[in-house]
Amino acid sequence: MTSLTAVRDRELNVLESAQRVVESALRQLGYGPEYVELLKEPLRMLTVRFPVRMDDGSVRVFTGYRAQHNDAVGPTKGGVRFHPDVTAEEIQALSLWMTIKCGIHGLPYGGGKGGVVCDPRTMSAAELERLSRAYVRAISQIVGPTKDVPAPDVFTNAQIMAWMLDEYSHLREFDSPSFITGKPRAIGGSAGRETATARGVALCVEEAARRRGLSLAGARVIVQGFGNAGSYLAQFMHEAGARVVGISDAYGALYHPDGLPVPELLAARDSFGTVTTRYSNTITNAELLEQPCDILVPAAIENQITADNAHRIQASIVVEAANGPTTLEATRILTQRGVLLVPDVLANSGGVTVSYFEWVQNNQGLYWPEEEVAEKLRSTMLSSFDKVYRMAEEHGVDMRLAAYMVGMERTAEAMHYRGWL
Ligand code: NAD
């Protein structure tokens, strides 16, 4: 019985998992099947193929996507991922999650997402610039400051946003800083954007610990993944007095029950979040997840906590910094075991929240100091955490389903008022 469940669990891809929770959330809220039918996939999905001249003179053709999940509430919003494993299905799931994230915080957006199948680790800066510009030209018809607003995601950064903004302003012949977020500050980026995702995760860790009566000072924390999300999170946990006992990257993991030297690891990591290759006494990522700790933060990739290892997770709090790190069956097992699981759509939504602040600042031409951004992020995250926590308690459901319920409600209502359904 257990192994059959495990097989079913593994066979659900990220999109199917998201669709299943959307269906349960809409049902719990009393919406009919037509809402499920419309919200289970994006309203629009553009596939583009475009040529890029490589440094050696050859031309390579790349495939990219832009998904616009739902624009009943407002323009769509979501990052662009450059990765060899990008698929149409993954981009669709990510755009759906963006609708939920925006809905949880009441941001005036629906979800969007983009991606290009490529490996930036093997490309020069000049090739990446040509690819970024070509991608913007290819999707330019459907994006824009009041239509669909891109941002960084896996393997894209502020420099790539800057090239994309520059290309867009050539195409549209007006200055349009609010076309894209996550830009460098010199061209309209917001203070605090780079660390926003990790700050949001840290706020969720603090709040989850508080609700469980666990003091963060001295609490043992494991962070899987040491990139943008994981490394800043490790830093914030260290600064809050927690003991970071484990970290990892794609190549392995480090664990020490007395705590790791976080500042040293931060100084040693490269721009792709690699650090463990400098050490010899490593363990595997799978082993790391099962080590003793109070708080576990998966901040790397999908499907890390599954029906196979959920029983062996020792943390009493799991906060998902990555998108989709825990399968639905593992969510059920952890919740049944009394683990407080703060889902991705809530925990990692600090990035889109500060992206929204960036868009607002661009539109009004008035820029806020870092403390103001941090304070606004704090109040947004804590009030949304509370909304989701109360929804879970009132309906007797886990935090993931509760987050989808909070996140989907406004989009469903907007579609109703617009007369779509
Ligand atoms: P990143 O590329 O900066 O870092 C990823 C980290 O994960 C690196 O340390 C890498 O070595 C590690 N990793 C890669 N493959 C792995 C594997 N197979 N096993 C273990 N570790 C592996 O990415 P990021 O921006 O930190 O994003 C990490 C996760 O957080 C992703 O799921 C992303 O969607 C999610 N997220 C990020 C942001 C953001 O603003 N950065 C916002 C929302 C969600």
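Assess whether V61 counts as being in the same structural domain as E127 (by TED's automatic domain parsing) and crowded, with 17+ Cβ neighbours inside 10 Å.
Working: in the same structural domain as E127 (by TED's automatic domain parsing): yes; crowded, with 17+ Cβ neighbours inside 10 Å: no.
Here the answer is no, as V61 does not meet what is asked.
Considering only residues that are hydroxyl-bearing (S, T, Y) and open to solvent by less than 40 Å² (accessible area, probe 1.4 Å), which ones fall in region 64-101? Give the derivation first.
Of region 64-101, the ones hydroxyl-bearing (S, T, Y) are 65, 76, 87, 95, 99.
Correct list: Y65, T76, S95, T99.
Before we move on, is L165 at pLDDT 95 or above, touching a Gly at 6+ places or on another chain (Cβ under 9 Å), open to solvent by 10 Å² or more (accessible area, probe 1.4 Å) and within 18 Å of S349 (Cβ to Cβ)? Walk me through it before giving the result.
Working: at pLDDT 95 or above: yes; touching a Gly at 6+ places or on another chain (Cβ under 9 Å): yes; open to solvent by 10 Å² or more (accessible area, probe 1.4 Å): yes; within 18 Å of S349 (Cβ to Cβ): no.
Criteria not met by L165.
Which residue, of P33, P51, is open to solvent by 50 Å² or more (accessible area, probe 1.4 Å) and either hydroxyl-bearing (S, T, Y) or over 20 Å from W97 (Cα atoms) (or both)?
Numbers: P33 fails: either hydroxyl-bearing (S, T, Y) or over 20 Å from W97 (Cα atoms) (or both).
That would be P51, the only listed residue that is open to solvent by 50 Å² or more (accessible area, probe 1.4 Å) and either hydroxyl-bearing (S, T, Y) or over 20 Å from W97 (Cα atoms) (or both).
Kindly evaluate E302 against the criterion of being among the charged types (D, E, K, R) and without any contact (Cβ under 8 Å) to a residue 60 or more places away in the chain. Give the steps one after another, and end with the answer.
Values: among the charged types (D, E, K, R): yes; without any contact (Cβ under 8 Å) to a residue 60 or more places away in the chain: no.
Spelling it out, it is not the case that E302 is among the charged types (D, E, K, R) and without any contact (Cβ under 8 Å) to a residue 60 or more places away in the chain.
For residues that are touching a Leu at 6+ places or on another chain (Cβ under 9 Å) and open to solvent by 10 Å² or more (accessible area, probe 1.4 Å), tally how many sit in region 342-358.
So the count comes out to 3.
Inspect all residues belonging to region 242-265 and state whether any of them is modelled with pLDDT of 95 or more, within 12 Å of the ligand (Cβ to nearest atom), surrounded by 15 or more Cβ atoms within 10 Å (Cβ to Cβ) and assigned to a helix (DSSP H, G or I).
Among the residues of region 242-265, at least one is modelled with pLDDT of 95 or more, within 12 Å of the ligand (Cβ to nearest atom), surrounded by 15 or more Cβ atoms within 10 Å (Cβ to Cβ) and assigned to a helix (DSSP H, G or I), which makes the answer yes.
Name the residues in region 94-151 that are of a type in the set (D, E) and part of a helix (DSSP H, G or I), would you?
Looking only at region 94-151, we keep the residues that are of a type in the set (D, E), and these are 119, 127, 129, 148.
Result: E127, E129.
Looking at region 220-234, which of its residues are more than 10 Å from the ligand (Cβ to nearest atom) and crowded, with 24+ Cβ neighbours inside 10 Å? Spell out the reasoning first.
Taking region 220-234 first, the residues more than 10 Å from the ligand (Cβ to nearest atom) are 220-222, 234.
V221, I222, A234, listed by residue number.
Looking at region 266-285, which of the residues that are part of a helix (DSSP H, G or I) and open to solvent by 60 Å² or more (accessible area, probe 1.4 Å) is nearest to V201 (Cα to Cα)? Step through it out loud before you land on a result.
From region 266-285, those part of a helix (DSSP H, G or I) are 266-268, 276-278, 285; that's our starting set.
Then keep just the ones that are open to solvent by 60 Å² or more (accessible area, probe 1.4 Å); that gives 267, 277-278.
Numbers: A267: 21, T277: 26, R278: 27 Å.
Across region 266-285, the extreme among qualifying residues is A267.
Here are some residues: A217, A209, A191, A196. Which one is among the aliphatic types (A, V, I, L, M) and within 13 Å of the ligand (Cβ to nearest atom)? Show your work before the answer.
Numbers: A217 fails: within 13 Å of the ligand (Cβ to nearest atom); A209 fails: within 13 Å of the ligand (Cβ to nearest atom); A191 fails: within 13 Å of the ligand (Cβ to nearest atom).
When all the criteria are applied, what remains is A196.
For region 266-288, what are the residues that are within 10 Å of the ligand (Cβ to nearest atom) and either outside the structural domain of V339 (by TED's automatic domain parsing) or aliphatic (A, V, I, L, M) (or both)?
V275, A286, L288
Looking only at residues that are open to solvent by 60 Å² or more (accessible area, probe 1.4 Å) and part of a loop (DSSP other than H, G, I, E, B) in region 367-418, which one is nearest to G110 (Cα to Cα)? Explain how you work it out, then say what you get.
Of region 367-418, the ones open to solvent by 60 Å² or more (accessible area, probe 1.4 Å) are 367, 369-372, 375-376, 378-379, 383, 387, 390, 393-396, 409-410, 413, 416-418.
Right, trim to part of a loop (DSSP other than H, G, I, E, B) and you get 367, 369, 396, 418.
Values: Y367: 24, P369: 27, G396: 27, R418: 14 Å.
Residue satisfying both the conditions and the ranking: R418.
Could you list, in sequence order, all residues of region 205-214 that are over 11 Å from I295 (Cα atoms) and either in a helix (DSSP H, G or I) or touching a helix residue (DSSP H, G or I) at 6+ places or on another chain (Cβ under 7 Å) (or both)?
The answer is E207, R210, R211.
For region 199-206, state whether one or more residues are more than 15 Å from the ligand (Cβ to nearest atom), open to solvent by 20 Å² or more (accessible area, probe 1.4 Å) and either in contact (Cβ under 8 Å) with a residue 40 or more places away in the chain or not β-branched (V, I, T) (or both).
If we filter region 199-206 for residues that are more than 15 Å from the ligand (Cβ to nearest atom), which is where we start, we get 206.
Adding the requirement that they be open to solvent by 20 Å² or more (accessible area, probe 1.4 Å) leaves 206.
From the residues that got through so far, the ones that are either in contact (Cβ under 8 Å) with a residue 40 or more places away in the chain or not β-branched (V, I, T) (or both) too are 206.
Scanning region 199-206, I find at least one residue that is more than 15 Å from the ligand (Cβ to nearest atom), open to solvent by 20 Å² or more (accessible area, probe 1.4 Å) and either in contact (Cβ under 8 Å) with a residue 40 or more places away in the chain or not β-branched (V, I, T) (or both), so the answer is yes.
Within region 168-191, can you find the residues that are of a type outside the set (A, V, I, L, M), open to solvent by 20 Å² or more (accessible area, probe 1.4 Å) and either touching a Leu at 6+ places or on another chain (Cβ under 6 Å) or at pLDDT 95 or above (or both)?
Pass one, region 168-191, residues of a type outside the set (A, V, I, L, M): 168-170, 172-179, 181-185, 188-190.
The next check asks that each one be open to solvent by 20 Å² or more (accessible area, probe 1.4 Å); those that pass are 169-170, 172-175, 177, 184-185.
If the condition is that a residue be of a type outside the set (A, V, I, L, M), open to solvent by 20 Å² or more (accessible area, probe 1.4 Å) and either touching a Leu at 6+ places or on another chain (Cβ under 6 Å) or at pLDDT 95 or above (or both), then P184, R185 are the ones that fit.
Scan region 301-312 for residues that are more than 16 Å from the ligand (Cβ to nearest atom) and either surrounded by 17 or more Cβ atoms within 10 Å (Cβ to Cβ) or in a loop (DSSP other than H, G, I, E, B) (or both) and jot them down. Don't jump to the end; show me each part of the working.
Our first condition is that a residue be more than 16 Å from the ligand (Cβ to nearest atom); within region 301-312, this holds for 307, 310-312.
Scanning region 301-312 gives A307, A310.
The values are calculated or read from the model by the stated rules, or taken from the named source; none is laboratory data. What you see is a predicted model; the values in this text were computed from it and never measured. Counting neighbours? That spans all protein chains shown, and the Cβs are built from the backbone with ideal geometry, glycine included. Calculation scope for accessible area: heavy atoms of the full protein, side chains included, ligands and nucleic acids excluded. Shrake-Rupley method; radii C 1.70, N 1.55, O 1.52, S 1.80 Å.
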